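Enquirer: My questions all concern the structure below.
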Amino acid sequence: MEPAVSQDAVLLRSEPMPDDAVTVQGYDFNEGVDHDKLLGSFLRTGYQATNFGLAVEEVNRMLDWSLADVPVADNEDDDLKDEEARRKVKTKVFLGYTSNMVSAGVRETIRFLVQHKMVDVVVTTAGGIEEDFIKCMADTYLGDFALNGASLRRKGINRIGNLLVPNDNYVKFEEWMMPILDAMVKEQKEDGVIWTPSSMIRRLGKEIDDESSIYYWAYKNDIPVFCPALTDGSIGDMIYFHSFKNPGLILDIAGDIRGINSQAEFAKHTGMVIVGGGLIKHHICNANLMRNGADHAVFINTAQEFDGSDSGARPDEAVSWGKIRMDAKPVKVYGEASFLFPLLVAQTFAKRFHADKASEAAAASEATATAE
């Protein structure tokens with residue numbers, strides 16, 4: 001006689017799955033190597049692949065939205081009552097990233113977004129500013145995580161993970177920075193210019209005059225870049241050394257907190273794409289508290305929440321603070337961003353950009369054919 005207890009335990013009958021339940025299905029390489037289909041298949045793969053697919057959907061919702069999607073409010077501005085005008089009002093996209101993304105080849109992905117005006121507000125750390133400018137002057141090299149620190153120090157080579165930066169790069173950066181700092185002090189004293197970290201970054205973007213630079217394009221496209229800890233890196237070192245030669249430079253952080261908070265508060269709709277954690281994550285989220293939360297959010301980082309850190313906090317914690325709206329569908333992808341973020345951009349911003357270019361080219365070709 002079969003034991004009833006163990007049989008009932010092992011052969012417990014399931015309830016039917018809901019009609020809309022999604023089945024797990026990965027990519028079949030028998031169909032060839034189609035990277036777009038491969039990335040698209042992640043949504044049904046499971047684990048962080050599924051979170052990546054959800055992040056793609058969230059970014060696309062962010063980019064799809066326009067003011068035309070919502071009814072005209074009774075107190076709406078007259079110039080925003082027209083349907084066509086409302087279609088032009090899109091989500092204000094806040095992009096945040098830590099300095100290691102600029103040290104790595106992710107810099108070129110970020111530059112692409114800023115160059116083509118795909119984001120509206122940028123927040124980064126001091127290293128995220130200076131590493132961009134330094135790369136316009138000298139190269140960063142691939143190394144190894146296991147290289148000996150003392151040996152590298154004796155050679156004047158700095159290690160960032162498995163990247164190597166010769167210290168001469170920072171010497172070149174100092175030579176470039178010092179005359180700019182002189183000019184900033186002069187304009188402050190003689191013309192009454194009030195410098196903020198963001199206006200300083202804008203000035204540096206103008207001075208670098210290099211199309212490979214993120215902040216050159218931020219300057220050209222009038223995209224504000226906020227860095228509340230601008231002195232926490234090589235730029236801070238340069239300001240420190242400069243203060244002995246030509247003292248007096250003042251950076252107004254109060255002006256910038258008003259600047260970023262106003263960017264969020266007066267936006268019709270906002271989205272956050274935050275690559276990494278720490279200061280940049282909280283600074284963007286806290287700005288969106290001014291409007292009772294962002295409408296969309298995607299976080300990419302490796303941090304865990306068990307230590308109570310903001311870096312590791314899941315989006316739902318931000319909802320509790322009013323930094324993400326209660327009806328939003330935020331996504332956190334747990335993973336290393338040097339490969340995840342370019343893939344996310346490929347499936348969203350870049351795909352749209354190149355599709356739009358192809359459509360414009362086809363329309364132009366058709367118009368030319370018609371004229372002939």
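The values are calculated or read from the model by the stated rules, or taken from the named source; none is laboratory data. Quick caveat, the model's predicted, so the values are computed rather than measured. Cβ placement follows ideal geometry from the backbone for every residue including glycine, while neighbour counts extend to all protein chains displayed. When the accessible area is computed, the model is the full protein with side chains, heavy atoms only, and any ligands, DNA or RNA have been set aside. Shrake-Rupley method; radii C 1.70, N 1.55, O 1.52, S 1.80 Å.
Enquirer: Name the one entry in 284, 201 that is of a type in the set (Val, Ile, Thr), more than 18 Å from residue 131 (Cα to Cα) and in a helix (DSSP H, G or I).
Expert: Answer to the check: 284.
Enquirer: In segment 108-126, which residue that is out of contact with any His (no Cβ under 7 Å at 6 or more places or on another chain) and open to solvent by less than 10 Å² (accessible area, probe 1.4 Å) is farthest from residue 217 (Cα to Cα)?
Expert: 126
Enquirer: Further, regarding this structure: Could we say that residue 25 is polar (S, T, N, Q), out of contact with any Leu (no Cβ under 6 Å at 6 or more places or on another chain), part of a loop (DSSP other than H, G, I, E, B) and modelled with pLDDT of 95 or more here?
Expert: yes
Enquirer: Quick one: which of 60, 75 is out of contact with any Pro (no Cβ under 8 Å at 6 or more places or on another chain), of a type in the set (S, T, N, Q), closer than 30 Å to residue 93 by Cβ and part of a loop (DSSP other than H, G, I, E, B)?
Expert: 75
Enquirer: I've got another one for you. Restricting attention to segment 270-281, does a residue exist that is over 21 Å from residue 99 (Cβ atoms), assigned to a strand (DSSP E or B), in contact (Cβ under 8 Å) with a residue 40 or more places away in the chain and of a type in the set (Ser, Thr, Tyr)?
Expert: Yes, that holds for at least one residue.
Enquirer: Of the residues that sit in segment 334-372 and are closer than 28 Å to residue 55 by Cβ and acidic (Asp, Glu), which one is most open to solvent (accessible area, probe 1.4 Å)?
Expert: Residue satisfying both the conditions and the ranking: 360.
Enquirer: Same structure, new question: So residue 66 fits all but one of (1) farther than 29 Å from residue 301 by Cβ; (2) open to solvent by 70 Å² or more (accessible area, probe 1.4 Å); what number is the exception?
Expert: (2)
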